[in-house]
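J.: I'd like to ask some things about the structure below.
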Amino acid sequence: MKKLMFPFVAFVFIACLYLGQTVQAQSVYYVHAASGNDSADGSIKSPWKSLEKARDTIRRLKQENRFPARGIVVELTGTFVFHDHEFKLEEQDGGSDANAPVVYRASASGVRFIGGQLLTLKNFKPVTDSNVLKRLLPSVRDKVLCCDLSVLGVSNIPSLPRQFSSWDGMELFYGNRAMTVARWPNSGWVDFDRVVDRGVNPVDHATGEWEHGVRGGTFVYKEDNPSRWNVAKGVWLNGFWCFDWANETLKVAQIDTAKKTMTLEGIHTYGIGKAKQWQHSARRYYAMNILEELDSPGEWYLDRETKQLYFLPPGNKEDEIVLTILRAPLIRVTKVKHLRLEGFRIGPTAGTAVSVCQSTDILIDSVTITNVSGSAISVLGGQGCGVQNCRISNIGKAGISLSGGDRKTLAPSKHFAINNEVHHCGRLQRTGGGYCMVFQGVGCHVAHNLFHDTPYIAVAYGGNDHLFEYNEIHSAMMEGGDGGGIYTGRDWGSQGNVIQYNYLHHFGKAGADQKAAAGQPLEYEPLKKDVSIMGVYLDDCDSGDTVRNNIFYKAGWAVFVGGGRDNTIENNLMIDCRSAVHFDDRGLVRARPGEGTKDGWDLLAKLEAVNYKRPPWSERFPQLPGIMNDSPKLPLHNVVRNNIAINCLEWAHLSKSVVETSLAKINFADNVVWGSVSTRDSSLFPHETAADKVLFSKEKLPDVDTPDNNGFVVQNHAVIRNIAPNFKRIPVESIGLLQDKNRKP
């Protein structure tokens, strides 16, 4: 009996083991772009070919109540090319709970998503059209190549609008690098100072404080190149036309070669030319999308009428060529719960790489996104979505965007971005949205990231109760002006946000100089001098933020408070900055609470929209219900405590009216100013209470020009410990990227 029992038990055990392995294997499906077949069973030996097959199979399992208890993994291999459609995941495509997610992950061999048309140099032929050859410079007529896109089935080629702030068309990539739309000059800006017609009407104070463009402006040019351009075929100028925070591309309507004037068809937001006396940098532009200027290796031009793509390759090497076509998000996730996207490589593509909307518990992990014309990752609404361990670079617009939570109830979104390197964003949108990181709403957590190399603002935020900590930011504000490494603005209700333990350094010209010294390319059109560059910029009466325990090194005006209230600036180390702190009272002349203006300056309307006199707002932020009875336009109740400023040109830059009206109500306490140009004088600190709480030291300084591995040796210097005993060391060694299995230190 026992002899018969053993084989039977063994058989049952083995059978159960086999069945268990089968059940486990069924929770992992395989998709191979090159060798798969959608008629296969999705096993490792017989993978599917399409993502849609895997998605639809998961849908069917859920419908039939056969979704595995531990979730499903879809392992992807190869290159998936999307010409005219996106990969959509919707409400029925997520997991059953947090412990049973749907996971789309890269195999060990890797997976890549491309939103465009793959080309080779064999698709290009020498130019033979005599009319085209006449427009090309003689030096490149035998070098420029042409590809007929209609032969490849590329038919949907939209026209460029007359005005845009970001490139709104196809891009050409060669050898994993974005090629340059034919332009003049090939680098840098062309300055102009003579304006015939700014194209504006007088300021309408009911709708705003600035003049706004109502027609295309006219200006005088000095150079000869514009006389060669075919305006009928379309000429666009990318420029900083009025202010250094507003870059736009405008179509040219007419070029008068006799008068040397250009009249624009595109209408700039603020009109062209300098509008204010305080503007010091030149107005500037470069011309683009011009066949006559296709004269430098790596430039290209698309004739949208004839569908001919002209290209001057940077070499003869046969390398991957991608013409981006897909303008929709490459991966679109809508109303999904419990989803993981892991290990992908995405790009090039013309639109957003990954869009997540109204979804819950979505994790984007260890994804590499590069060469995207739109944004890299956008999370809008939902709860608990995160981006971690990702590498994002060469992005046309924003790198990572998080938005969620409910400002009326202050319910947090719990979105997060942790341990990501995001750089060279704003490649095609130089101002107004081309940030490395932007987070809005309530309760986002952004930590241990490295953000660097942007033409304008690196990080922008708005809303409440966000925590931004242990991040490194450098090489921001490389082209624009009146912005900062971290920016928020124009909201009395921007309360409860904390910016702590961050390292901000080498902004603007300091960043350009550092790169030049290291022999690194700039990849920007840099300004000759800085124009209003800030470390943390609390703009236009923004209030209620805490900036503490940060290091600012060569970061412009380290903490800039533009008329705001109830901000705390505490235990920061500011070295070689233009100014350690700044306060002005712009609200006196610009804020218009309760007046119904449409430009954002009705700060009271924004508070009323979140029911600020009722809980939870009245309980969380008790200073707000009475704001209209407390000199609301003045920068009152700010705290500047326990900071150290070293070698800054100024300790505190205060507008004259702030000194006269508000300085006594700014709580300066226990700050140390060391080696700065500014000295203690009565004109800067006429109120004794403020002056006595700032110590100006003339002790000999240690070398602070180079941060060491322990985070600026000056923090441990005996003199500092003696004169600033309450200053807490900021742990630079803990700031920035963490290590993970996929990332080198």
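The values are calculated or read from the model by the stated rules, or taken from the named source; none is laboratory data. All values reported here derive from a predicted model rather than from experimental measurement. Every residue, glycine as well, gets a Cβ built from its backbone with ideal geometry; the counts of neighbours run over all protein chains shown. Just the protein is used for accessible areas: all its heavy atoms, side chains included, with ligands, DNA and RNA removed. Shrake-Rupley method; radii C 1.70, N 1.55, O 1.52, S 1.80 Å.
J.: When the helices in the chain are scored as -39500 (n - 2.57) per DSSP H run of 4 or longer and the sum is shared across all residues, what 222 nm value do you end up with, to the nearest 500 deg cm²/dmol?
T.: It lands at -3000 deg cm²/dmol.
J.: Would you tell me the accessible area of VAL672, worked out with a 1.4 angstrom probe on the heavy atoms of the protein chains, in Å² to the nearest 10?
T.: Around 0 Å² of this residue is reachable by solvent.
J.: Tell me, what is the percent relative contact order of segment 42-161, built from C-alpha pairs under 8 Å that lie six or more residues apart?
T.: Relative CO of segment 42-161 lands at 22 percent.
J.: Sort TYR301, TYR270 by accessible area with a 1.4 Å probe, largest first.
T.: Of TYR301, TYR270, the descending order of accessible area is TYR270, TYR301.
J.: Taking a probe of 1.4 angstrom, what is the accessible area of GLU570 in Å², to the nearest 10?
T.: 50
J.: Per the 1.4 Å probe, what fraction of the accessible area of the chain, in percent, lies on carbon and sulfur atoms?
T.: Heavy-atom surface of the chain belonging to carbon and sulfur, 1.4 Å probe: 51 percent.
J.: Then there is this: Which of rounded, prolate or oblate describes segment 543-652 when judged by the alpha-carbon gyration tensor and an a/c cut-off of 1.5?
T.: The shape class here is prolate.
J.: If you add up the charges near VAL190, with Lys and Arg at +1 and Asp and Glu at -1, over every other residue whose beta carbon is less than 14 angstrom from its beta carbon, what do you get?
T.: +1
J.: Then there is this: What is the Cα centroid distance between segment 460-486 and segment 229-304, reported in whole angstrom?
T.: One Cα centre to the other: 29 Å.
J.: I'd like to verify something in the chain: which complete DSSP H helices, judged by Cα projection on the helix axis, reach 24 Å or more and average at least 0.5 on the Kyte-Doolittle scale?
T.: Taking the DSSP H segments of the chain (at least 24 Å long, mean hydropathy at least 0.5), we get 2-26.
J.: Out of all DSSP beta bridges with both ends in segment 403-539, state the antiparallel percent to the nearest 5.
T.: Close to 5 percent.
J.: While we're looking at this one, here's another question. Just to confirm, what accessible area per residue do you get for the chain at 1.4 Å probe, in whole Å²?
T.: 42
J.: Can I ask one more? Using +1 at the Cβ of each Lys and Arg and -1 at the Cβ of each Asp and Glu in the chain, identify which of GLY600, PRO47, GLY434 lies farthest towards the dipole's positive end.
T.: PRO47
J.: How much of the DSSP bridge set in the chain is antiparallel, in percent, rounded to the nearest 5?
T.: Counting only bridges with both partners in the chain, antiparallel ones make up about 25 percent.
J.: Further, regarding this structure: Report HIS32's accessible area, 1.4 Å probe, all protein chains in place, as a number in Å² to the nearest 10.
T.: 50
J.: Could you tell me the distance between the Cα centroids of segment 538-587 and segment 363-437, to the nearest Å?
T.: One Cα centre to the other: 25 Å.
J.: How long are the semi-axes of the equivalent ellipsoid of the chain, taking √(5λ) for every eigenvalue λ of the Cα gyration tensor, in whole Å from largest down?
T.: In descending order, the three semi-axes are 46, 39, 24 Å.
J.: Can you sort GLU171, GLU595, GLU619, GLU342 by solvent-accessible area, 1.4 Å probe, largest first?
T.: GLU619, GLU595, GLU342, GLU171
J.: What FRET efficiency comes out for the pair SER150/GLU523, r = Cβ-Cβ distance, R0 = 35 Å, nearest 0.05?
T.: Using R0 = 35 Å, I get an efficiency of 0.55.
J.: Now for a separate question. What are the ³J(HN,Hα) couplings of segment 117-128, residue after residue, when phi is run through the Karplus curve with 6.51, -1.76, 1.60 and θ = phi - 60°? Round to Hz, x for glycine and proline.
T.: 9, 7, 10, 9, 5, 5, 6, 9, 10, x, 6, 10
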